[in-house]
Amino acid sequence: MTKAPDSVAKLREVLECALDCGVTTGPLTISPDKGDPVCVFPLQSWYHSGWDTEPEISHPLYVRAEELRRRSGATFDASWMDFRQCSWPGVASVNPSTKVEDLSLASQFGALNRRFLPPHKMRSQGTIISFSHFVPRQELMPEKKYLLEPLLAKVIGSDPLEKQIRQLQPDLHIFGHTHIPIELTLDGIRYLQWPLGNPREATAQCRLVHNTGLLLVYDSALIKNGCSENGNGIPSPTVCSEAHWSRHYTRNKRDLNNMEELSPWLTTRLQQFISSLE
């Protein structure tokens, strides 16, 4: 196989290879002998920086660190692998530092889902479990002051994805990318991330995942036995509801009024970074 000229061609090759191998890349409905069917619904997506609409951190320590990072050339753009490994022809930029908001790439990925989406809600057709790699809503990500890399919010989420989830109205949407376990219900839709993470994260934010193992998200026996809260076969709550950020945002609202406050771990990281360059 020859090397693909760009990332669009590579994605096309992957989808064609899956088709040739009999791998389903669109929605799949499984109908049990008894009870309602369950539909597993993948949603393609890509991020865009304008998805992040929350205020930037204004703490002097963070402002100083960003200034030093720009001077040294060790910018976020330079460190983010996607910007070096992906090639998207016809897209102005997906790099957050360019200040160019180009929705075309996120929209192109969203267009891959369009033919599968219903013109109306599907709840009457059984249980729907959708999933995506990227994050649909900013409420599913800790506030910037809690992140070791606040600019992460620029490269994780998609508005077209969120719009399509609202259209689909799944019983559960599973997502990934950020490696932060969380389970929340927003506007009547349950969202869940249960990441393995990397070896370092296995002893940090993903410790609960490694200690628990695989997570059951659907069991038809719950419907038969009348043990499913909404009659959809999805356990409620799952153990993910005990994850740190699940509990935090169940009990606390997002505070976007004080952008001069930093978490202790971000403060330490910024101080170490500044010391290494000054």
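Structure values in brief
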read-out	value
Counting DSSP beta bridges with both ends in the chain, the antiparallel % (nearest 5)	40 percent
Surface share of carbon and sulfur [accessible, 1.4 angstrom probe, percent] for the stretch 174-253	52 percent
Cβ-placed point charges (K, R +1; D, E -1), dipole of the chain about Cα centre in debye, nearest 20	100 debye
Percent of beta bridges antiparallel (DSSP, the stretch 141-278, rounded to nearest 5)	60 percent
Distribution of pairwise C-alpha distances over the stretch 132-173, 10 Å bins, in %	27, 49, 21, 3
Equivalent ellipsoid dimensions for the stretch 197-254 as semi-axes, Å, which come from the Cα gyration tensor, largest first	26, 17, 6
Space enclosed by the convex hull of the alpha-carbon atoms of the stretch 154-278, per residue, Å³	151 Å³
Solvent-accessible area, 1.4 Å probe, carbon plus sulfur percent, for the stretch 13-72	55 percent
The stretch 199-278-the stretch 128-174 distance, computed between alpha-carbon centres (Å)	13 Å
Crossing angle, helix 7-20 versus the chain [Cα axis fit, 0-90 degrees, rounded to tens]	20 degrees
In degrees, nearest ten, helix 159-168 long axis to first principal axis of the chain (Cα)	20 degrees
Under 15 Å, Cα to Cα: Lys pairs in the chain, sequence gap 8 or more or different chains	7
Choice from G233, G213, G26 with maximal GNM fluctuation in the chain (Cα, 10 Å cutoff)	G213
Counted charge near T250, where neighbours are those whose Cβ lies closer than 14 Å (Asp, Glu -1; Lys, Arg +1)	+2
Gaussian network model of the chain, Cα within-10 Å springs - most flexible of S158, S58, S49	S58
More than 25 Å apart - percent of Cα-Cα pairs taken over the chain	54 percent
Farthest positive-ward along the stretch 125-202 dipole, Cα basis, beta-carbon charges - from I156, H133, L184	I156
Within the chain, helix-based [θ] at 222 nm, where runs of 4 or more DSSP H residues each add -39,500 (n - 2.57), nearest 500	-9000 deg cm²/dmol
Per residue value of the accessible surface for the chain (all protein chains in place, 1.4 Å probe), Å²	54 Å²
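The values are calculated or read from the model by the stated rules, or taken from the named source; none is laboratory data. All values derive from a computational prediction rather than experimental measurement. A quick note on method: Cβ atoms are made from the backbone with ideal geometry, for glycine too, and the neighbour counts reach across all protein chains shown. These area figures cover heavy atoms from the full protein model, side chains too; ligands, DNA and RNA do not enter into them. Shrake-Rupley method; radii C 1.70, N 1.55, O 1.52, S 1.80 Å.
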